[in-house]
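For reference, the structure is listed below as structure tokens.
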Amino acid sequence: MILKSELEELLSNLRKARSILVEEFVSENPDIFTAMFKYDNDNVVMNMYIDCYFITWLNYHLEVFSCFNAKSVSCRNWFLSCMSDLISKYLKGVNTDSHVYKRSEFAYTLLEKKKAAIMHIIKCSDSNKLKYNKLVYAVEKDKKLFEREIAKLKEEA
Amino acid sequence: MAIIAAIASIFVKPLASLAGLLFDEPREAFAHKREKDMQKHEAELEVYKKTEVERILAEIDEAKKDRDLERMKVFSEAVMKYKNEYAKLNMEMISAISNMQLDLRERTQEYVHSQTLKYIELQNTVLNQATNDFKKIENMFKKNDRAKDVLERSVEKRLVGLLETTETFIRDLSSDVIRLNKCSDEFIFNGSKTIDEVLRGRISTIQYNDVKQIDGPK
């Protein structure tokens, strides 16, 4: 049995988390939108970035819950069950049958580690993008120099 | 008057001695007996006190043993329960970590695949350009061998550059894959450490609570 006061506080925290999500999109938070434009032609990295954002958002719930003092067992179970559903709904690579995500301390650590690992791939992609851009520049430069060379030789001829 | 007193003394003296015989001697015997009884009773009381104290101490000892036994029983039941839970949770956590590792490997593969496609596309563009350039050179400088030679060398140089860059790309991508797989393995390693930490914390808390429950509030 969840106490009315506990339930009200929990629902208000969940509402607050949802409002943060909406607010960040409505106000075009640069932390999110910069990445959306930066990776708009790279679906793979874009999806990874979206997952990272959702991990941060999901873990925000767990952070709030850890600061929430009055926790009866049923209130805790109800909240973690909601979280488990949310995690399996929004994240790839999560087995929905597992009860593991109903344990906040483990879920938080696991999600943070996953985020760090995905960010590592994104970092690799960024450094690779620099190399790719250098290559595109070299190709464009060679093409232009070649055209100039043709024009020059044509004039000479 | 004196005569009456003399006659009375004749009757009173023997009566007094008779009363002395009848009452004084048994009273002394009674007091003596009573004293003896009292001593006996005190001795019995002392023995009873000693026996009773020993019995109560033995009962307390027994009760303590029973309590310890009950405590041990509940404790071992709790240990068994949480050992089972530990095993189940351990399996679920390993499965969750493996799933995530699988997901990370898939993402790495996806990333490598997308990068490779990008490079192949660029490589094809450069090759097509080079082919067109060779055709152009052939058409425009059919009779000018020097110009043809200069331009063909330039295109060849560009192609060599492309090959070198492709080699660098493959090398970098391989090191990326090694790094990312290492990161994914560390994820598993750290995950196992996390499992241990979480489960150890959980079990010690639960056992402490169980023992506290038996001991009652202090």
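The values are calculated or read from the model by the stated rules, or taken from the named source; none is laboratory data. Since the model is a prediction, treat every value here as computed from it, not as a measurement. Virtual Cβ from ideal backbone geometry, glycine too; neighbours counted across all protein chains shown.
The table that follows gives values for the structure above.
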| item | result |
| --- | --- |
| B:ASN90 vs. criteria assigned by TED's automatic domain parsing to the domain that holds B:CYS183 and over 20 Å from B:GLU167 (Cα atoms) | yes |
| Residues of the range A:8-56 satisfying the condition of being at pLDDT below 90 and among the small types (Gly, Ala, Ser) | A:SER12, A:ALA17, A:ALA35 |
| Output for the range B:64-112, where each listed residue is more than 11 Å from chain A (Cβ to nearest Cβ) and of a type in the set (Phe, Trp, Tyr) | B:PHE75, B:TYR82, B:TYR86 |
| Some residue of the range A:29-38 being farther than 21 Å from A:MET1 by Cα and charged (D, E, K, R) | yes |
| Test: residue in the range B:115-132 that is in the same structural domain as B:ASP185 (by TED's automatic domain parsing), among the polar types (S, T, N, Q), crowded, with 16+ Cβ neighbours inside 10 Å and under 22 Å from A:CYS52 (Cβ atoms) | yes |
| Any pair with Cβ under 6 angstrom, 6 or more apart, that starts in the range A:1-26 at a residue that is within 27 Å of A:VAL73 (Cα to Cα) and ends at one that is of a type in the set (S, T, N, Q) | A:MET1/A:SER74; A:ILE2/A:SER74 |
| Residue among A:LYS129, A:LYS113, A:LYS143, A:LYS154 that is surrounded by fewer than 19 Cβ atoms within 10 Å (Cβ to Cβ), assigned to a helix (DSSP H, G or I), modelled with pLDDT under 85 and within 10 Å of chain B (Cβ to nearest Cβ) | A:LYS154 |
| Residue count, the range A:43-73 (criterion: closer than 20 Å to A:TYR90 by Cα and charged (D, E, K, R)) | 2 |
| Members of the range B:133-144 that are surrounded by 14 or more Cβ atoms within 10 Å (Cβ to Cβ) and either modelled with pLDDT of 85 or more or not in a loop (DSSP other than H, G, I, E, B) (or both) | B:ASP133, B:PHE134, B:LYS136, B:ILE137, B:MET140 |
| B:VAL126 vs. criteria touching a residue at least 12 places away in the same chain (Cβ under 8 Å), part of a helix (DSSP H, G or I) and out of contact with any Leu (no Cβ under 9 Å at 6 or more places or on another chain) | no |
